[in-house]
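A.B. asks: This structure is in structure tokens; I'll ask about it shortly.
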Amino acid sequence: MQHRGLAVTGAYEFVPEVFPDDRGTFASPYQEGAFAAAVGRPLFPVAQVSRNVSRRGVVRGVHYTLVPPGTAKYVYCAAGRVLDMVVDLRVGSPTFARWEAVELAGDTARAVYLPPGAGHAFAALEDDTVVCYLLSTEYRKENELTLSVYDEEIGLALPAGTPHVLSERDRAAPTLAEAAALGLLPEYVG
């Protein structure tokens, strides 16, 4: 499995080998040895595994939790394709407000690791796209916050050509500046 650091401090992309044959393909989206080599420790204890199914044009995020407790995420696409975005929202981070996008797809089994406090968003590029998450903490509605994917200060490059479908909560999300003014951004823990 190959890995590379992303533009957000502490975030990584993982690219497993895909083994095709006449039946289809086989890949392992998570491999502890590769994760530990990249991050310097084994994966966090998994408290919850989640998945969602989205149609083309669905945009989810930018979602994050405050640190502490914060939630680390290991994300991969089991079917379909997404443009997955990692945004550094951690005040004091050397890469604060920087982001990077990675295309995740069911046929490549690529994955992304997000450290606690990093924001996560994605845009579904195909119908019936399945995104899976390994989470370091259980989801608690009161701990999850959201920022606008349309915030010009962040400048996410969302796919064009298809109308974006967002939840009411994500449509009403504050900008980075508004969240900062309200004290709703996580602190960087180096």
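A.B. asks: Compute the distance in nm between two label points, each set 7 Å from the Cα along the Cα-to-Cβ direction, one at Glu126 and one at Glu178.
C.D. replies: 3.5 nm
A.B. asks: What fraction, in whole percent, of alpha-carbon pairs in the stretch 7-66 exceed 20 Å separation?
C.D. replies: 53 percent
A.B. asks: Turning to a different aspect of this structure: Would you please put 33-39, 173-179 in order of how densely packed they are, using the mean number of other Cβ atoms within 10 angstrom per residue and starting with the highest?
C.D. replies: 173-179, 33-39
A.B. asks: Further question: Take the alpha carbon atoms of the stretch 49-110, find their radius of gyration, then divide it by 2.2 N^0.38 Å using N residues; give the quotient.
C.D. replies: Values: Rg = 13.2 Å, N = 62, 2.2 N^0.38 = 10.6 Å.
Against the compact-globule rule of thumb, the ratio is 1.25.
A.B. asks: For a Förster distance of 45 Å, can you work out the FRET efficiency between the beta-carbons of Val91 and Val18, rounded to the nearest 0.05? Let's see the in-between values first.
C.D. replies: Numbers: r = 38 Å, r/R0 = 0.86.
Calculated transfer efficiency: 0.70.
A.B. asks: Apply the Karplus curve 6.51 cos²θ - 1.76 cosθ + 1.60, θ = phi - 60°, to the phi angles in the stretch 22-38 and return the couplings in whole Hz, x for Gly and Pro.
C.D. replies: These are the phi-based 3J(HN,Hα) values: 5, 8, x, 9, 9, 8, 10, x, 10, 9, 4, x, 5, 4, 5, 5, 6 Hz.
A.B. asks: Then there is this: Measuring from label point to label point, each 7 Å out along Cα→Cβ, what is the Glu168 to Ser50 span in nm?
C.D. replies: 1.9 nm
A.B. asks: Here is a further query. Using helices alone, I'd like the mean residue ellipticity at 222 nm for the chain: each DSSP H run of four-plus residues gives -39500 (n - 2.57), total over residue count, nearest 500. It would help to have the intermediate numbers written out before the result.
C.D. replies: Numbers: 3 runs with 18 residues, N = 190.
Rounded to the nearest 500, the figure is -2000 deg cm²/dmol.
A.B. asks: Suppose we look only past 30 Å in the calculated P(r) of the chain. What percent of the Cα-Cα pairs does that tail hold?
C.D. replies: 15 percent
Laboratory data are not the source of any read-out in this text; all were calculated from the coordinates shown. Because the structure is a prediction, the values reported are computed rather than measured. All Cβ positions, glycine included, derive from the backbone under ideal geometry; neighbour counts span all protein chains shown.
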